[in-house]
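Colleague: Below is the structure I would like to discuss, written out as structure tokens.
The values are calculated or read from the model by the stated rules, or taken from the named source; none is laboratory data. This one's a predicted model, so the numbers in the text were calculated from it and none came from an experiment. No Cβ is skipped: glycine too gets one built from the backbone with ideal geometry, and neighbour counts run over all protein chains shown.
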Amino acid sequence: MPLFEVRRALGAGFGSNATPAARLTTMGEQVVVDFFTAAMLDGRGYQVRAGTITAPLTGDIVITDTAAEMAVDAASGTTIIPVQAVAHFESLNGGTLPEIAIKSVATASSAGTAFVPLKMKTDGSASVSTARVQAAGSVTVTAELATTTLRHYSGLVATVGTGGAPFLWEPKGAPVLVGAQCL
């Protein structure tokens, strides 16, 4: 009989009632990691990027109801937990302050350049969900309704000159989006 045994249902490449090795230190102490680190080590972390340093994404001037620059779709039977959004804003012509909104709706996006989100673990499995990124609000999402749309963040970003302003969203209670959903 092993000193320490783990039983689990199907998942992470182990069959039902398989006994994968538990992680222990050299002193025999159990290694415990937080939920997000465990997800990354299991290859279940993904990233959606919009633009690059040399070719940044250009957004709309104002937020519109069904247009977005970026979306990720949780396919039916999958779950997405967004844990961070990072952006860099520069002032707009005419002194208009940049706006940002992060919200989710109960229907997948329907237009924009689709791709598979990037793996955070280089040898992890490819995502079964899709993402869309396209400049100037060219990603089409379902219209916002008070009864079907969760608003996670919204606001204006104050900028000074052309130096830009960084934006970081790390929710304390991350939304759990069970497919079919669109963030």
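Colleague: Is at least one residue of the range 30-52 farther than 17 Å from residue 126 by Cα, assigned to a loop (DSSP other than H, G, I, E, B), of a type in the set (Gly, Ala, Ser) and out of contact with any Leu (no Cβ under 8 Å at 6 or more places or on another chain)?
Modeller: no
Colleague: Let me ask something else. Tell me, yes or no, whether the range 51-66 has at least one residue that is surrounded by 15 or more Cβ atoms within 10 Å (Cβ to Cβ), out of contact with any Pro (no Cβ under 6 Å at 6 or more places or on another chain), modelled with pLDDT of 85 or more and closer than 20 Å to residue 129 by Cα.
Modeller: Checked against the condition, which is being surrounded by 15 or more Cβ atoms within 10 Å (Cβ to Cβ), out of contact with any Pro (no Cβ under 6 Å at 6 or more places or on another chain), modelled with pLDDT of 85 or more and closer than 20 Å to residue 129 by Cα, the range 51-66 yields no hits at all.
Colleague: Now for a separate question. Can you confirm whether residue 163 is at positive phi, modelled with pLDDT under 85 and assigned to a loop (DSSP other than H, G, I, E, B)?
Modeller: Considered against the rule, which asks whether it is at positive phi, modelled with pLDDT under 85 and assigned to a loop (DSSP other than H, G, I, E, B), residue 163 comes out as no.
Colleague: To continue, here is another question. Looking at the range 125-136, which of the residues that are over 13 Å from the mean Cα position of the chain (by Cα) and under 15 Å from residue 48 (Cβ atoms) is surrounded by the most Cβ atoms within 10 Å (Cβ to Cβ)?
Modeller: If we take residues in the range 125-136 being over 13 Å from the mean Cα position of the chain (by Cα) and under 15 Å from residue 48 (Cβ atoms), then 134 is surrounded by the most Cβ atoms within 10 Å (Cβ to Cβ).
Colleague: When you look at residue 69, is it surrounded by 10 or more Cβ atoms within 10 Å (Cβ to Cβ) and either at pLDDT 80 or above or outside the structural domain of residue 113 (by TED's automatic domain parsing) (or both), yes or no?
Modeller: yes
Colleague: Same structure, new question: Filter the range 111-129 down to residues that are part of a loop (DSSP other than H, G, I, E, B), touching a Ser or Thr at 6+ places or on another chain (Cβ under 9 Å) and closer than 21 Å to residue 176 by Cα, then give me how many there are.
Modeller: 5
Colleague: Out of the range 3-37, which residues are surrounded by 12 or more Cβ atoms within 10 Å (Cβ to Cβ), at pLDDT 70 or above and among the small types (Gly, Ala, Ser)?
Modeller: Hit for the range 3-37 is 22, nothing else.
Colleague: While we're looking at this one, here's another question. Name, by its number, the condition in (1) in contact with a Pro (Cβ under 7 Å, 6 or more places away or on another chain); (2) not in a loop (DSSP other than H, G, I, E, B) that does not hold for residue 132.
Modeller: Only one criterion is unmet by residue 132, namely (1).
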